[in-house]
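This is the structure I want to talk about, given as structure tokens.
Every read-out reported here was derived from the displayed coordinates using simple, explicitly stated rules and does not represent laboratory data. Just so it is clear, the structure is predicted and the values come from calculations on it, not from any experiment. Every residue, glycine as well, gets a Cβ built from its backbone with ideal geometry; the counts of neighbours run over all protein chains shown.
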Number of protein chains: 2
Amino acid sequence: MSQFYLPTRILQDTDVVVKNAFELNGFGKKALLVMGGNSAVNNGAYHDVTTALQKEKIDFVYFNGVEPNPTVGTVVKAAGVGRMNSVDFVIGIGGGSAMDAAKAVAVLLANPKRNADYLFENDPYVTHLPLVLVPTTCGSGSEVTGVSVLTVPEKKTKKSISHKVYAELALIDVKYLKTAPRELVFNTAFDALAHLIESFANTRSTDYSKMCAVAGLKKWGACRRVFDGSKFQPGENDLRKLMDASVMAGMAIAQTGTGIPHGLSYPMTYYLGIPHGRAAAYFLAGYLDCMNEHLRDQILGFIGYSEIRDYRKQYKYCFGRLEVVQKEQLIQILAHAVDELSKNPEKCATAPFPVDVEVLKYIAFYEIQETFE
Amino acid sequence: MSQFYLPTRILQDTDVVVKNAFELNGFGKKALLVMGGNSAVNNGAYHDVTTALQKEKIDFVYFNGVEPNPTVGTVVKAAGVGRMNSVDFVIGIGGGSAMDAAKAVAVLLANPKRNADYLFENDPYVTHLPLVLVPTTCGSGSEVTGVSVLTVPEKKTKKSISHKVYAELALIDVKYLKTAPRELVFNTAFDALAHLIESFANTRSTDYSKMCAVAGLKKWGACRRVFDGSKFQPGENDLRKLMDASVMAGMAIAQTGTGIPHGLSYPMTYYLGIPHGRAAAYFLAGYLDCMNEHLRDQILGFIGYSEIRDYRKQYKYCFGRLEVVQKEQLIQILAHAVDELSKNPEKCATAPFPVDVEVLKYIAFYEIQETFE
């Protein structure tokens, strides 16, 4: 069975938010802005969104307390702000964390009688308040997927909510990337690359998901030089390609979901605080090495790499050594990641090769020597 | 500005309709089936749809009088059947004609106080009854576009309704193509090719529309051999590729719209009864010839052609001479087509080269010698 579903209207342009302010009109009279920290203020997205809302005489309140890898508790707090102010719709501004939180908030606000557990219950007829997403990084693709991943502290892990929540509108402007710190661009760009590779090399991939992944891999590859060495000076054209690649990656994983590298990455982020993109991309070389040659060469070719080593070099250029941890500690976490993922046969079955515990170990520990060199 | 919008859920599989019968459940208790003639009975689609409806205990009535290039009058009649029977949703089964009619019917049924003129009035908040589309040809792409083209006899032409009407669900099964007459496959496959070329070579094309068009051109090209010469014996794999190409073409024109070849084709169909795909594809060689070399070579390369002549040969293999008309008559119609299209600057501006009356004439009369050889 082949499937394609992507109901979000995507508009992409310079100054897209202010130029398309009228698009916000149909969603209601009061908006809740969901953001993390001050980045949306610093990169100009908050200014653009509030300018657009004022232009259309739409009232708003905001919650700017979304942390990286947001918890269910944060979502509940943000929904409280929305409920107290009787908002009609939600605007998520930021990276994957802010957008994923905004999705869950939109669900809770449309279902005032349900508590946070509802996020993880199955309900095919779930409703959500209208949702607008404004990405300010080039990684999560959350603006075009139905996925919302939250941290569940009691379970010591990150988990997708049960519902697919697609934004009604995604407003994409590359200018918000211009002021992003290089670490943020690295982390999110490599997250997008992981999405592209995990979606293309996936048993759930279809001709439709592949056309998105191929286009994204080529876009990413067309500006991969910005990850060569220490002089990270991307021009606007490079950033635009990274943004395009990130959206295309989102369109691809919206169809297939992610694969083993993402599956292995969550404990690294949860226990060691390693940023999500860096953690997921840590497993890409091992994942590529397990594929059959034809598939691997296709992927490397789309990006413009000759061999896996080209990828490993760029990863190392961007992220350097894993200085935050001791080798023993990392080994323990990786063993735990393998253990957890091996209990998830559905995720393991997304790999385009047979997967058992030994294969998971091979991928998880593929970089262990390199990591401490 | 770059844009992507395609809210239709696409499901594609062998026996997709019966396998996904439960998907029809959310749309209501009574359906109106909109079809043309008996083809939906002959190719099995009617049987599958009614089996699925019975399985889900959904009542239905049908209207099977949609003619090729359906008129507004036909749509009004079909809506009458739906209204008399208080249907909750519409299922269009067939080629572009049946599906385009079903879209307009869904609009009229949701707006019982409006007459047929409403179809051509601007209303951004137009509503329509839930709509399911089941394509049985490999050409129109209507199952994934918002476009509905109807014949307006008073204006002696075909015209898109003002509203964008996207199906909630498109159910795509290649098996309906297996019993299609070869002329139908030719006509619809070349319509899909026209969509792909007109969308790729279009000033409105974006990275998103291009990724659909490129994937579709490659699919089409991968089975182009079935159009070589007289032994038209496509296997299931060929038909599947043609179906995929047709859907991808629909996804592409849903973003860009069609271009000059389609624009020139309507009078040929209206006055001479030349099937839509054959008529649109008649202008592709001239259109390709007007492009810059790089763009033309890209397109030819995706399909696997070396030069425009390869395309012209296949067109001629499939359609032969235009026997239905006298040369003088065709010249008159082509001149009229140029005249009409030259009054549509918006359509002319979709071409990736400057267009004036001389250029339109060049494209329109490009094949005039060949046609009568």
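Considering only DSSP beta bridges whose two residues both sit in the stretch A:9-176, what percent are antiparallel, to the nearest 5?
Numbers: 5 of 27 bridges.
Percentage antiparallel, nearest 5: 20.
Then there's this: Residues in the stretch A:153-171, backbone N under 14 Å from the label point at A:Lys343 (7 Å along the Cα-to-beta-carbon vector): list them, ranges by number please.
A:154-159
Given Cα pairs under 8 Å that are at least 6 residues apart, what percent is the relative contact order of chain A?
On the way: 740 pairs, mean separation 58.3, N = 373.
Dividing the mean separation by the residue count of chain A yields 16 percent.
Using only alpha carbon pairs under 8 Å that are at least six residues apart, calculate the relative contact order of the stretch A:9-176 and give it in whole percent.
Relative contact order of the stretch A:9-176: 28 percent.
Compare the Cα positions of A:Gly80, A:Asn64, A:Phe27 along the charge dipole of the stretch A:9-176 (+1 at Cβ of Lys, Arg; -1 at Cβ of Asp, Glu; about the Cα centre) and return the one farthest towards the positive end.
The one lying farthest along the dipole's positive direction is A:Gly80.
Another question about this same structure. With each pseudo-label sitting 7 Å past Cα toward Cβ, what's the B:Ser86-B:Phe372 distance in nm, one decimal?
About 6.1 nm, to one decimal.
Once every DSSP H run of n ≥ 4 in the protein assembly as shown is given -39500 (n - 2.57) and the sum is divided by its residues, what mean residue ellipticity at 222 nm do you get, rounded to the nearest 500 deg cm²/dmol?
Numbers: 34 runs with 368 residues, N = 746.
Here the helix-only value at 222 nm equals -15000 deg cm²/dmol.
If the only charges are +1 at each Lys and Arg Cβ and -1 at each Asp and Glu Cβ, what is the size of the charge dipole of chain B around the Cα centre, to the nearest 20 debye?
Numbers: 39 positive and 39 negative charges, 110 e Å.
Here chain B has a charge dipole of around 520 debye.
Same structure, new question: Compute log10 of I(q)/I(0) for the stretch A:211-364 with the Debye formula, placing one identical point scatterer on every Cα and leaving out solvent, at q = 0.09, 0.17, 0.18, 0.21 Å⁻¹, to two decimals.
Values returned for q = 0.09, 0.17, 0.18, 0.21 Å⁻¹ are -0.30, -1.12, -1.25, -1.56.
So, one more: Based on other C-beta atoms within 10 Å, arrange A:Met268, A:Met291 from fewest to most.
Numbers: A:Met268 25, A:Met291 17.
Fewest-to-most ranking of A:Met268, A:Met291: A:Met291, A:Met268.
Let me ask something additional. If I take the Cα coordinates of the protein assembly as shown and project them onto the principal axes, what are the three extents in Å, biggest first?
85, 55, 49
Over the protein assembly as shown, what is the percentage of antiparallel beta bridges among all DSSP beta bridges, to the nearest 5? Working shown, then result.
On the way: 17 of 61 bridges.
Close to 30 percent.
If you don't mind, another one. Write out the trypsin sites (Lys or Arg not before Pro) in the stretch A:272-373 meeting two conditions: DSSP loop, and at most 15 other Cβ atoms within 10 Å of their Cβ.
Numbers: sites: A:Arg278, A:Arg296, A:Arg309, A:Arg312, A:Lys313, A:Lys316, A:Arg321, A:Lys327, A:Lys343, A:Lys347, A:Lys361; in loops: A:Arg321, A:Lys343.
Taking the stretch A:272-373 and a limit of 15 other Cβ atoms within 10 Å, the loop trypsin sites (Lys or Arg not before Pro) found are A:Arg321, A:Lys343.
Can you grab the distance from the C-alpha centre of the stretch B:78-97 to the C-alpha centre of the stretch B:283-309, Å, no decimals?
For the stretch B:78-97 versus the stretch B:283-309, the Cα centre distance is 40 Å.
Quick one: putting +1 on the C-beta of Lys and Arg, -1 on the C-beta of Asp and Glu, what dipole do you get for the stretch B:62-128 around its Cα centre, in Debye to the nearest 20? Before the final figure, lay out the partial values.
Numbers: 5 positive and 6 negative charges, 35 e Å.
It comes to approximately 160 debye.
Please rank B:Tyr270, B:Tyr5, fewest neighbouring Cβ atoms within 10 Å first, as an exposure proxy. Walk me through the intermediate numbers first.
On the way: B:Tyr270 21, B:Tyr5 17.
Ascending Cβ contact count within 10 Å gives the list B:Tyr5, B:Tyr270.
Shifting gears a bit: Can you give the FRET efficiency to the nearest 0.05 for B:Gln298 and A:Ser160, using r as the Cβ-Cβ distance and R₀ = 41 Å?
Details: r = 39 Å, r/R0 = 0.96.
The computed FRET efficiency comes out at 0.55.
Can you compute the charge dipole magnitude of the protein assembly as shown about its Cα centre, using +1 on each Lys and Arg Cβ and -1 on each Asp and Glu Cβ, nothing else charged? Give it in debye, rounded to the nearest 20. Could the numbers behind the result be given before it?
Working: 78 positive and 78 negative charges, 128 e Å.
Dipole of the protein assembly as shown, to the nearest 20 debye: 620 debye.
Continuing with the same structure: Kindly provide the trypsin sites (Lys or Arg not before Pro) of the stretch A:105-168 that DSSP labels as loop, not H, G, I, E or B, and whose Cβ sees at most 10 other Cβ atoms within 10 Å.
Numbers: sites: A:Lys113, A:Arg114, A:Lys155, A:Lys156, A:Lys158, A:Lys159, A:Lys164; in loops: A:Lys113, A:Arg114, A:Lys156, A:Lys164.
Within the stretch A:105-168, the qualifying trypsin sites (Lys or Arg not before Pro) (loop, at most 10 other Cβ atoms within 10 Å) are A:Lys113.
Another question, then. Give the calculated FRET efficiency between B:Asp310 and B:Ile331 to the nearest 0.05, with a Förster radius of 35 Å applied to their Cβ-Cβ distance. Don't skip to the answer; put the middle values down first.
Numbers: r = 27 Å, r/R0 = 0.77.
Working from the Cβ atoms, E equals 0.85.
For the pairs B:Lys218/B:Lys313; B:Lys241/B:Lys313; A:Lys113/A:Lys155; A:Lys175/B:Lys159, flag any whose C-alpha to C-alpha distance is greater than 28 Å. Each step should come with its number before you reach the end.
Working: B:Lys218/B:Lys313 19 Å; B:Lys241/B:Lys313 21 Å; A:Lys113/A:Lys155 24 Å; A:Lys175/B:Lys159 40 Å.
Violating the 28 Å limit, Cα to Cα: A:Lys175/B:Lys159.
Now, a different point. Nearest 5 percent is fine: what portion of the DSSP beta bridges confined to chain B is antiparallel? The partial results should precede the final answer.
Values: 5 of 27 bridges.
Antiparallel bridges: around 20 percent, rounded to the nearest 5.
Now for a separate question. Give me the number: length gained by fully extending B:His47 to B:Glu183, i.e. 0.36 nm times residue separation minus the C-alpha to C-alpha distance, one decimal in nm.
Numbers: separation 136, 0.36 × 136 = 48.96 nm, distance 2.35 nm.
Once the chain is fully extended between B:His47 and B:Glu183, it gains 46.6 nm.
Tell me the trypsin sites (Lys or Arg not before Pro) within the stretch A:212-275 that lie in a loop according to DSSP and have at most 12 other beta-carbon atoms within 10 Å. Provide the component values of the computation, followed by the final result.
Details: sites: A:Lys218, A:Lys219, A:Arg224, A:Arg225, A:Lys231, A:Arg240, A:Lys241; in loops: A:Lys231.
The qualifying sites are A:Lys231.
Three principal axis extents, largest first, for the C-alpha atoms of the stretch A:143-190, in Å?
So the three principal-axis extents are 36, 28, 15 Å.
Which ordering of A:Phe353, B:Phe200 is given by a fewest-first count of other beta-carbon atoms within 10 Å?
Listed from fewest to most nearby Cβ atoms, that is A:Phe353, B:Phe200.
Ranking request for peptides B:16-22, A:76-82, A:255-261: highest mean number of other beta-carbon atoms within 10 Å first, then the rest in descending order. The partial results should precede the final answer.
Working: B:16-22: 17.7, A:76-82: 20.4, A:255-261: 25.1.
Answer by packing, highest mean first, reads A:255-261, A:76-82, B:16-22.
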